[in-house]
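Here's the structure, in C-alpha cells; my notes come after.
Only the coordinates and a few stated rules stand behind these numbers; no lab work does. Given the structure is predicted, the values throughout are model-derived calculations rather than measurements. Quick reminder, even Gly has a Cβ in these numbers, built from the backbone with ideal geometry, and neighbours come from all protein chains shown.
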Amino acid sequence: METVSDNSATTTPTKASNPQETGHTAEEQRTDWHTNLPFLGVHAGCLIVLWTGISPFAACIGLTTLLIRMFGLTGGYHRYFCHRSYKTTRAFQFVLATVGAAAAQKGPLWWAGHHRHHHRHSDTPSDVHPPGVKGFYWAHFGWVICPDNVRTRTELVPDLSRFPELRWLDRHHYTAPVCLALGLFGLGAWLESNAPHLETSGWELLAVGFFLSTTLLYHITFAVNSIGHTIGRQRYKTQDASRNGLLLALITAGEGWHNNHHRYPASARQGFYWWEIDATHYVIVMLAWIGVVWNVRTPPLEVLNEGQQ
Ligand SMILES: [Zn+2]
Ligand SMILES: [Zn+2]
C-alpha cells in the first residue's frame, strides 16, 4: 500500500516579503466577468428552481451533495492537501481530490497554492483575500474572479504536483463537476419515469443537487475568508485578523475556528477544545478508526495552554 509522505514545511507559515511571491496589490484588484461565465452560470442555474420547485427528495439529494463535497473541501482540499494534517493512501488521496473538485472550486493544486499563499501573507496587502485591506466583497468573492488568480501557484505545491493524477485533475478541473451535474440530471430523468411517487425530474435534481448546492458551498467556503477574518473572537494573538466563531463553525463543518487554525495550521482539529464543534474533525476521526487515514495531528499542549491564558 503506497502512502503519501508528509511535508511539515507547508504547515509553518512565515511572512514573506518577496514581491515575486506576493501577487497583486490592492491597486490591481480587477474582475473578469467574461472568463468566469461558468462560475456565474452556476449561480444563474439556481433560478431553475423557480420553475421546478423543490421536492423533499430533491432537498435530500441537495443536502447530500452539499455535505459530501463540503468534506471534500474541508477535510480534503484544506486540512489534507493544504496542511497535510493527516496521512492516507494515494488512492484515498485521489478520492479526496475528486470529491473536492466536484465542488467546482477548481483543482486541488490551485486551491492549495492560493491557500498556502494566504497563510504566508495573511491580512497584508500581499494576501489574496484580506477583508481589512481589500474589503469584504473582495475577500468573499472578488478575488475568485480576478484574472491574476487564475493560474495555479505551482511553486507553492511541489509536494502535490509530483502526483500526475492530481496534476490531471487540476488541469481538467471541470470534469468532476460536469460529471456530477450530468449524473444528477440522468438520475432525475430516470426517477421521473420509474419512481413517479418521488415527484422529481432531471431538471429538478440538476437545479437543487448541483446548481443550488454548489452555490451554497461557494459562499460557505468564501465566508471563511471574509467572515472568518472579520467577525468573532481572537483567542490567540496571531499576526493576522483571523477570528473564531461558533455560528461560522457550525455552517462550515468546523472551519469557523479560524483563529485557532491560524495559530496552529498543522492540526487536523480546528476546534481545539471539546466544546468547539468541529464536524470535519469528527469525520477524520471516524476514518482513522476504520484505518483509512492515520497520523492525525492535534495541537500540542503548549498551544492549548496558551489558548486558556
Ligand atoms: Zn485565514
Ligand atoms: Zn488553512
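Here is how the numbers come out for the structure above:
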| item | result |
| --- | --- |
| Residue within region 62-85 that is small (G, A, S) and without any contact (Cβ under 8 Å) to a residue 40 or more places away in the chain present | yes |
| Residue among D159, D148 that is surrounded by fewer than 23 Cβ atoms within 10 Å (Cβ to Cβ), of a type in the set (D, E) and in contact with an Asp or Glu (Cβ under 8 Å, 6 or more places away or on another chain) | D148 |
| Members of region 236-247 that are among the charged types (D, E, K, R) and either in contact with a Lys or Arg (Cβ under 6 Å, 6 or more places away or on another chain) or more than 16 Å from ligand 2 (Cβ to nearest atom) (or both) | K237 |
| Number of positions in region 281-309 that are surrounded by 15 or more Cβ atoms within 10 Å (Cβ to Cβ), in contact with a strand residue (DSSP E or B) (Cβ under 7 Å, 6 or more places away or on another chain) and either farther than 19 Å from G100 by Cα or among the polar types (S, T, N, Q) (or both) | 1 |
| Residues located in region 191-237, provided they are surrounded by fewer than 16 Cβ atoms within 10 Å (Cβ to Cβ), away from ligand 1 (no atom under 16 Å from the Cβ) and free of Cβ contacts under 8 Å to residues at least 40 places away in the same chain | S193, N194, A195, P196, H197 |
| Qualifying residues in region 127-145 (those that are surrounded by fewer than 21 Cβ atoms within 10 Å (Cβ to Cβ) and under 16 Å from Q105 (Cα atoms)) - the one farthest from ligand 2 (Cβ to nearest atom) | I145 |
| Selected residue [within 16 Å of ligand 2 (Cβ to nearest atom) and among the polar types (S, T, N, Q)] from S201, S213, S226 | S226 |
| Verdict on T124 being more than 15 Å from ligand 2 (Cβ to nearest atom), surrounded by fewer than 23 Cβ atoms within 10 Å (Cβ to Cβ) and not in a helix (DSSP H, G or I) | yes |
| Members of region 264-284 that are over 13 Å from H83 (Cα atoms) and either under 19 Å from the mean Cα position of the chain (by Cα) or touching a residue at least 24 places away in the same chain (Cβ under 8 Å) (or both) | G271, F272, Y273, E276, I277, D278, A279, T280, H281, Y282, V283, I284 |
| Number of positions in region 254-280 that are away from ligand 2 (no atom under 14 Å from the Cβ) and surrounded by 22 or more Cβ atoms within 10 Å (Cβ to Cβ) | 2 |
| Number of the exception - I220 against (1) in a helix (DSSP H, G or I); (2) away from ligand 2 (no atom under 16 Å from the Cβ) | (2) |
| Verdict on H83 being closer than 22 Å to I284 by Cα, within 16 Å of ligand 1 (Cβ to nearest atom) and within 17 Å of the chain's Cα centre (by Cα) | yes |
| T238 under 24 Å from V303 (Cβ atoms) and of a type outside the set (F, W, Y) | yes |
